[in-house]
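Here is the structure we will look at, set down as structure tokens.
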Amino acid sequence: MAENAVAAIAIVYTFIAFLTLAAVSLEAATKYQFQDLKETKIVFYMHDLESGRNVTSKAVGGVPKSRRWILDFGTVHACDDKLIEAYDWNSTQVGRAQGIYMSSALDGSDLHLLISLVLTNKELNGSILEIQGADMVFQKYREVSVVFGTGKFKLARGFATLETVFLDIPNSNAIVGPSNMC
């Protein structure tokens, strides 16, 4: 009987804690919901290189006994790609694209991105945009979701337009840009 009373009290306290957390979260979300939304456009090039002397991406998992190639279903890559102002590798760096992507289509036509765009240029230093979504690699232009941001992009939401400007499938190298974040 005492055990039932303790369990009931624990459930009541858990429910109260949940309601308090929900109320605080709702208040914080409402605070930002009605502020004037501002569109920001950022343009950069992302070099995703799995071969050569400046490797920025590596296969870290996949289907056992497969070659873990970028378009093999289930292959997971970790990346730390350079974000730069122009197509040239030596142009000014504005940040890093850090995260993972995986081949999520049986036919190898789509990747799924989960990437943090960590910005390091003077104006946006320390700000981060989180992007995710289906990246249909054989389409020249595609959109992914901007799902969150920090720093200058606190609570950001929107989309990113990706454009493939260089694609070397045999060596798993690509340059994506100019990417537009809105």
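We did not get these values from a lab; they are worked out from the coordinates using the rules stated. If you're wondering where the values come from, they're calculated on a predicted model, not measured in any experiment. When we count neighbours, we look across all protein chains shown, and the Cβ atoms used for this are built from the backbone with ideal geometry, even at glycine.
With only the Cα atoms considered, region 86-133 has a convex hull volume of 88 Å³ per residue. So what does the Cα-only Debye profile of region 42-181 read at q = 0.18, 0.20 Å⁻¹, as log10 I(q)/I(0), no solvent term? So the normalised log intensities are -1.00, -1.23.
Computed from point charges on the beta carbon alone (+1 for Lys and Arg, -1 for Asp and Glu), the dipole magnitude for region 42-181 about its Cα centre is near 320 Debye. Over region 129-173, one equal point on each Cα, no solvent: what is log10 I(q)/I(0) by the Debye formula at q = 0.30 Å⁻¹? Cα-only, vacuum Debye calculation for region 129-173: -1.00.
Only counting other Cβ atoms within 10 Å, I'd like ILE115, ILE131 sorted with the fewest neighbours first.
Working: ILE115 22, ILE131 26.
With the sparsest Cβ surroundings first, the list reads ILE115, ILE131.
By the count of neighbouring beta-carbon atoms within 10 Å, fewest first, ARG157, ARG53, ARG96 end up ordered ARG53, ARG157, ARG96.
By the beta-carbon count within 10 Å of each Cβ, the least crowded to most crowded order of SER145, SER57, fewest first, is SER145, SER57.
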